[in-house]
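The values are calculated or read from the model by the stated rules, or taken from the named source; none is laboratory data. Since we're looking at a predicted model, the values are computed, not measured. Ideal geometry is used to build each Cβ from the backbone, glycine not excepted, and the neighbour counts take in all protein chains shown. Note: accessible area is taken over every heavy atom of the protein model, side chains too, but ligands, DNA and RNA are not part of it. Shrake-Rupley method; radii C 1.70, N 1.55, O 1.52, S 1.80 Å.
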Amino acid sequence: MKQKLRNIFYLGIKELRGLFRDRLMLVLIVYSFSLGVYISAKAAPESITNAAIAVVNEDHSQLSNRIIDSFLPPMFLKPRLIRLQQVDPAMDAGTYTFILVIPVDFQKNLLSGHDPALQLNVDATRMSQAFTGAGYIQQIITRETADYISHEKTPSPAARLILRNRFNPNLTRSWFSSTIQLINNISLLAIILTGAAVNRERENGTLEHLLVLPLSPPEIMLAKIWSMSLVVLIAASLSLFFLIEGVLQMPVEGSRFLFICGIAIYLFAITSLGIFLACITRNLPQLGILLILVLMPMDMLSGGLTPQESMPAAVRTVMQLSPTTHFVSFTQAILYRGAGITVVWKQLTALLGIGLILFKLSLIRFRKSIS
């Protein structure tokens with residue numbers, strides 16, 4: 001047993017030396033856990049900024065003026081009042097992103113119990129502002145009309161809804177985006193590094209050299225798993241401490257040690273998957289193509305981008321077999337909600353169980369590929 005552990009250790013050192021000689025792979029690792037996470041966090045703006053808006057005010061009522069005054073900086077530029085005949089030329093020229101048309105007798109019809117309609121023209125070529133801004137404008141109009149009606153008909157409302165956001169009070173999008181990108185990069189780099197290590201042995205002909213030594217396939221696999229996992233674990237930890245907590249200033253509510261332990265268990269599962277994919281393919285280009293087909297559905301359906309509750313029941317059931325699903329749930333519980341081991345032990349158990357199954361399948365496939 002002692003000799004096997006020594007073999008695994010020195011084989012892992014050999015893998016680390018080979019990785020450190022691959023400058024392009026080192027650049028990829030540094031970029032993925034530094035600029036890759038930062039760009040993903042800052043690429044999507046927290047909200048719209050300085051959106052150009054114009055208003056056609058045909059009502060000239062107190063309510064219409066109140067709505068116009070509600071479009072405030074920095075989200076919107078000062079609203080410009082234009083005539084109805086100027087709407088189409090202004091939209092064609094791209095002068096405004098939004099043009100709101102308030103019809104005649106809007107306030108009168110609203111107070112009479114009718115359901116008057118407002119027209120919002122949106123320049124959809126400005127995708128980020130158009131998608132987010134239309135929702136903000138709808139919220140602003142709904143809020144102002146509801147507040148105006150309540151003061152006109154019920155000066156003292158019986159109930160008032162007060163919203164308090166927990167875990168992310170300011171709804172800072174970079175906190176969410178950076179964490180999801182960190183998870184995606186951990187999965188991506190773990191599979192690439194282990195898969196590249198296996199394919200590198202096959203392409204260079206050194207796999208046959210290992211087989212003539214008194215080494216078993218589990219020892220070869222475990223050496224690649226611990227060495228590549230160590231690299232990703234260190235890079236992910238540094239990214240969490242210095243970039244996400246330091247630069248992006250996202251507070252970590254839970255135990256950092258518990259989170260790192262969870263990363264280690266997840267890496268055992270995902271690196272085993274990387275070896276399995278490498279044994280199916282014959283070279284790195286094939287591994288890259290297969291990686292797209294496997295990793296993208298895992299990331300998109302893991303619950304990081306869309307909650308699991310919003311997915312069909314069949315998809316939720318199938319995704320319970322993916323380690324990424326449990327790791328996303330574990331990460332959100334630790335980093336956002338400050339959960340302890342009594343809360344996340346189910347996710348850790350599922351990750352360990354899936355990891356053992358993937359390791360067994362990878363070992364069977366690895367033995368077949370070298371036989």
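Kindly check whether there is at least one residue in the stretch 19-30 that is open to solvent by less than 70 Å² (accessible area, probe 1.4 Å), touching a Ser or Thr at 6+ places or on another chain (Cβ under 8 Å) and at pLDDT below 90. Working first, answer last.
We begin by selecting, within the stretch 19-30, every residue open to solvent by less than 70 Å² (accessible area, probe 1.4 Å); these are 19, 22, 25-26, 28-29.
From what's left, touching a Ser or Thr at 6+ places or on another chain (Cβ under 8 Å): 19.
Okay, now just the ones that are also at pLDDT below 90, so 19.
There is at least one residue in the stretch 19-30 that is open to solvent by less than 70 Å² (accessible area, probe 1.4 Å), touching a Ser or Thr at 6+ places or on another chain (Cβ under 8 Å) and at pLDDT below 90.
Here are some conditions: (1) open to solvent by 20 Å² or more (accessible area, probe 1.4 Å); (2) modelled with pLDDT of 90 or more; (3) over 21 Å from Leu222 (Cβ atoms); (4) touching a helix residue (DSSP H, G or I) at 6+ places or on another chain (Cβ under 9 Å). Ile265 meets all but one. Which one does it not meet?
Every listed condition holds for Ile265 apart from (3).
Which members of the stretch 107-118 meet the condition of being of a type in the set (A, V, I, L, M, F, W, C) and farther than 27 Å from Asn50 by Cα?
Filtering the stretch 107-118 for residues of a type in the set (A, V, I, L, M, F, W, C) gives 110-111, 117-118.
Leu110, Leu111 - these are the residues of the stretch 107-118 that are of a type in the set (A, V, I, L, M, F, W, C) and farther than 27 Å from Asn50 by Cα.
Got a sec? Which of Leu248, Leu240, Leu188, Leu233 is under 26 Å from Ser34 (Cα atoms), open to solvent by 40 Å² or more (accessible area, probe 1.4 Å) and within 21 Å of the chain's Cα centre (by Cα)? Quick ask: steps written out before the conclusion?
Details: Leu248 fails: open to solvent by 40 Å² or more (accessible area, probe 1.4 Å); Leu240 fails: open to solvent by 40 Å² or more (accessible area, probe 1.4 Å); Leu233 fails: open to solvent by 40 Å² or more (accessible area, probe 1.4 Å).
None of the other options fit; the residue is Leu188.
Could you tell me how many of the residues in the stretch 31-52 are closer than 30 Å to Phe71 by Cβ and either modelled with pLDDT of 90 or more or among the acidic types (Asp, Glu) (or both)?
2
Of all the residues that make up the stretch 77-109, how many are outside any strand (DSSP E or B) and either closer than 16 Å to Ile137 by Cα or open to solvent by 30 Å² or more (accessible area, probe 1.4 Å) (or both)? Spell out how you get there, then give the answer.
Step one: list which residues in the stretch 77-109 are outside any strand (DSSP E or B), which gives 77-79, 82-97, 103-109.
Restricting the remaining residues to those that are either closer than 16 Å to Ile137 by Cα or open to solvent by 30 Å² or more (accessible area, probe 1.4 Å) (or both) gives 77-79, 83-86, 88-89, 91-93, 95-97, 103-105, 107-109.
Total meeting the criteria: 21.
Look at the stretch 317-332 and say how many of its residues are in a helix (DSSP H, G or I) and touching a helix residue (DSSP H, G or I) at 6+ places or on another chain (Cβ under 7 Å).
At the first step, the residues of the stretch 317-332 found to be in a helix (DSSP H, G or I) are 317-319, 323-332.
From what's left, touching a helix residue (DSSP H, G or I) at 6+ places or on another chain (Cβ under 7 Å): 319, 323-331.
Total satisfying the criteria: 10.
How about the stretch 209-222: which of its residues are under 23 Å from Ile191 (Cβ atoms) and either modelled with pLDDT under 90 or not in a helix (DSSP H, G or I) (or both)? Step through it out loud before you land on a result.
Step one: list which residues in the stretch 209-222 are under 23 Å from Ile191 (Cβ atoms), which gives 210, 217-222.
Of everything in the stretch 209-222, those that are under 23 Å from Ile191 (Cβ atoms) and either modelled with pLDDT under 90 or not in a helix (DSSP H, G or I) (or both) turn out to be Leu210, Pro217, Pro218, Glu219, Ile220, Met221.
Considering only residues of the stretch 150-163 that are within 14 Å of Gly113 (Cα to Cα) and open to solvent by 50 Å² or more (accessible area, probe 1.4 Å), which is modelled with the lowest pLDDT?
Lys153
Run Ile67 past the list (1) open to solvent by less than 70 Å² (accessible area, probe 1.4 Å); (2) touching a residue at least 40 places away in the same chain (Cβ under 8 Å); (3) in a loop (DSSP other than H, G, I, E, B); (4) more than 30 Å from Phe242 (Cβ to Cβ) and report the number of the one that doesn't hold.
Against the list (1) open to solvent by less than 70 Å² (accessible area, probe 1.4 Å); (2) touching a residue at least 40 places away in the same chain (Cβ under 8 Å); (3) in a loop (DSSP other than H, G, I, E, B); (4) more than 30 Å from Phe242 (Cβ to Cβ), Ile67 comes up short only on (3).
Check Ser255 against each of (1) open to solvent by 10 Å² or more (accessible area, probe 1.4 Å); (2) under 25 Å from Leu11 (Cβ atoms); (3) over 19 Å from the mean Cα position of the chain (by Cα); (4) among the small types (Gly, Ala, Ser) and name the one condition it does not meet.
All conditions are met except number (2).
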